[in-house]
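Written out below as structure tokens is the structure these notes cover.
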Amino acid sequence: MAISDPVQDKTPQVPSQFRAHVEEAGPPPKRGWIWLLVLVVLAGGGYYYYRSRASAESKAAPAPGGGRGAGAGAVSVAVAPALKENVPYYLTGLGSVTPFNTVTVKSRVDGQLEKVHFTEGQFVREGDLLAEIDPRPFQVALEQMDGQLARDQAQLNNARVDFARYDQLHKEGVVAQQQVDTQNATVGQLEGAVRADQAQIDNEKLQLVYCRITAPLSGRVGLRLVDQGNMIHASDPNGLVVITQVQPIATLFTLPEDSLPEVLQHMKNEQLAIEAYSRDDQTKLATGKLLTIDNQIDPTTGTVRFKGEFDNRDLSLWPNQFINVRLMLTVRKNAIVIPLAAIQRGTQGTYVYTIKNGHANLQPVKVDMTQGNISLIASGVAEGDQVVVDGQDRLQSGATVEVQGTGGSGDRSNGPGPAPGKASGRNGRPNGTGKAEGDPGPGGVAAPQGLRRQQDAGKQN
């Protein structure tokens with residue numbers, strides 16, 4: 001009796017048709033191309049996301065001078081009001097101080113310097129005694145010439161007496177006419193000798209005068225070049241001392257040749273004023289007047305030389321000092337003035353941001369002239385308009401703003417602004433760095449309203 005295996009009995013019996021089908025199937029297909037497709041899709045999605053983000057950022061970029069949209073919150077800015085003022089119009093050039101007269105005092109005779117009567121740096125007047133030379137040699141020569149004159153005068157008197165005798169004897173027929181003529185010639189010779197002696201005496205007296213050296217003009221004495229006790233000569237090249245006239249004093253400065261017609265036109269109507277400023281163009285030194293213009297243009301530089309005069313009562317100007325000279329041509333009446341910091345430049349030209357009802361407005365403007373740190377506006381801004389002077393880089397037209405106060409650029413009391421030649425008017429020529437009328441700073445007269453008016457206007461906004 002056969003016993004069946006329980007394990008063997010439990011094994012399922014697979015139909016023969018199914019086994020044959022499985023045995024005939026090939027290896028499973030490869031799926032690498034699926035991963036390649038996934039990578040291509042991911043790369044395309046990343047590229048699309050990058051382009052979409054760049055496009056969105058470019059669309060959200062602010063207008064010229066702006067950075068943050070109107071809906072991004074209030075932007076803190078500083079403002080200043082546009083003012084109506086009388087602004088001086090300057091031309092600025094580089095110049096040097098030149099004395100009207102400079103004299104090197106020299107001795108006109110040879111001798112020992114006996115006394116010096118001046119102090120270095122002293123101011124002297126014309127005719128003041130500066131030094132004395134030992135006069136004794138010239139006094140001795142004068143006495144010698146006096147003796148020679150007395151001798152020649154005695155001989156002349158004797159010759160005249162003899163001539164009178166010979167003339168009388170000739171009339172009586174005692175002597176010949178030749179003898180009379182000879183005696184008359186002797187009288188003439190002695191008269192000439194007496195006159196020569198007198199000229200020598202006058203010369204010796206002049207030498208005595210030259211022993212006292214006086215100031216030929218009024219001015220300031222420089223450093224002493226010869227000490228007392230030295231022998232000096234009329235041929236010495238350096239002299240005793242140099243005297244320079246410093247009150248009044250002149251200045252020579254240059255301006256571009258393009259400015260010449262404008263200056264000539266104003267010179268016909270009035271005396272033009274000039275102002276001297278320090279080399280850093282921050283300190284006003286003196287005020288004077290324009291004297292004349294050179295008669296030719298320098299072809300190498302294209303400039304014209306001008307000469308001005310300063311009283312120089314406070315000695316603020318020194319000979320050969322380099323200065324910046326401002327030539328005031330006219331005063332622009334009732335000009336609209338805003339701080340230079342408010343002017344922005346873009347592809348469409350110059351513009352400013354004005355504040356109205358708490359929002360920024362991009363306003364194109366036409367700049368008439370720039371003087372130092374202020375700009376004169378021909379059109380685009382009216383008196384009282386609030387212009388942004390700080391924070392424009394975060395603005396765009398229509399942005400909501402929060403006024404923090406007036407900008408520092410609105411205060412023009414800190415100096416005249418940039419160096420000469422950097423500011424230019426409509427004609428593109430250097431026109432100086434003048435200040436607005438009423439300016440307390442060195443550049444001119446400050447605005448009547450001043451910084452307080454700008455601060456009050458900023459607080460009201």
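The values are calculated or read from the model by the stated rules, or taken from the named source; none is laboratory data. Model, not experiment: these values are computed from the prediction. Here Cβ is always computed from backbone atoms with ideal geometry, including for glycine, and neighbour counts include all displayed protein chains. Areas reflect the complete protein model, heavy atoms only, side chains present, ligands, DNA and RNA absent. Shrake-Rupley method; radii C 1.70, N 1.55, O 1.52, S 1.80 Å.
Things to note:
- Loop-located trypsin sites (Lys or Arg not before Pro) in the stretch 286-331 (DSSP state not H, G, I, E or B) with no more than 16 neighbouring Cβ atoms inside 10 Å: Arg313.
- Amide H contacts of Gly372: Gly434, each under 5 Å away and 5 or more positions distant or on a separate chain (H built 1.01 Å from N in the peptide plane; Pro and chain starts excluded).
- Taking the 1.4 Å solvent-accessible surface of the stretch 94-194 as the whole, the part contributed by carbon and sulfur is 46%.
- Total formal charge among the other residues, if their Cβ is under 14 angstrom from that of Asp294, Lys/Arg +1 and Asp/Glu -1: 0
- Once backbone amide H atoms are built at 1.01 Å from N, Ser397 has Ala63, Leu362 as its partners under 5 Å, excluding neighbours fewer than 5 places away on the same chain.
- Under Karplus coefficients 6.51, -1.76 and 1.60, residue-wise ³J(HN,Hα) of the stretch 336-350 in Hz, glycine/proline x: 7, 10, 9, x, 4, 5, 7, 6, 10, 10, x, 5, 8, x, 8
- Overall, the anisotropy analysis places the stretch 267-350 in the prolate class: the square-rooted eigenvalues a ≥ b ≥ c of its C-alpha gyration tensor yield a/c not less than 1.5, with a/b exceeding b/c.
- Each residue of the stretch 168-183 was assigned a 3J(HN,Hα) from its phi angle through the Karplus expression (A = 6.51, B = -1.76, C = 1.60, θ = phi - 60°), giving 5, 5, 5, 5, 7, x, 8, 10, 7, 5, 4, 5, 5, 5, 4, 5 Hz with x at Gly and Pro.
- Placed amide H near Ser107: partners under 5 Å, 5+ positions off or other chain: Leu240
- Accessible area of the stretch 99-192 divided out per residue, in Å², using a probe of 1.4 angstrom: 63
- Excluding ligands, DNA and RNA, the accessible surface per residue across the stretch 288-371 is 52 Å² with a 1.4 Å probe.
- For the stretch 289-333, a crude dipole built from +1 on the beta carbon of Lys and Arg and -1 on the beta carbon of Asp and Glu, taken about the Cα centre, is about 300 debye to the nearest 20.
- Modelled spin-label separation between Ala150 and Glu309, with each label point placed 7 Å from Cα along the Cα-to-Cβ direction: 5.5 nm.
- Taking a Cβ cut-off of under 10 Å around Phe253, the surrounding Lys, Arg, Asp and Glu residues balance to a net charge of +3, with basic ones at +1 and acidic ones at -1.
- Positive minus negative residues near Asp134 (Lys, Arg vs Asp, Glu; Cβ under 12 Å): 0
- Karplus 3J(HN,Hα) series, Hz, for the stretch 261-277 with 6.51 cos²θ - 1.76 cosθ + 1.60 (x for Gly, Pro): x, 5, 5, 4, 5, 6, 5, 5, 9, 7, 7, 7, 9, 10, 10, 9, 10
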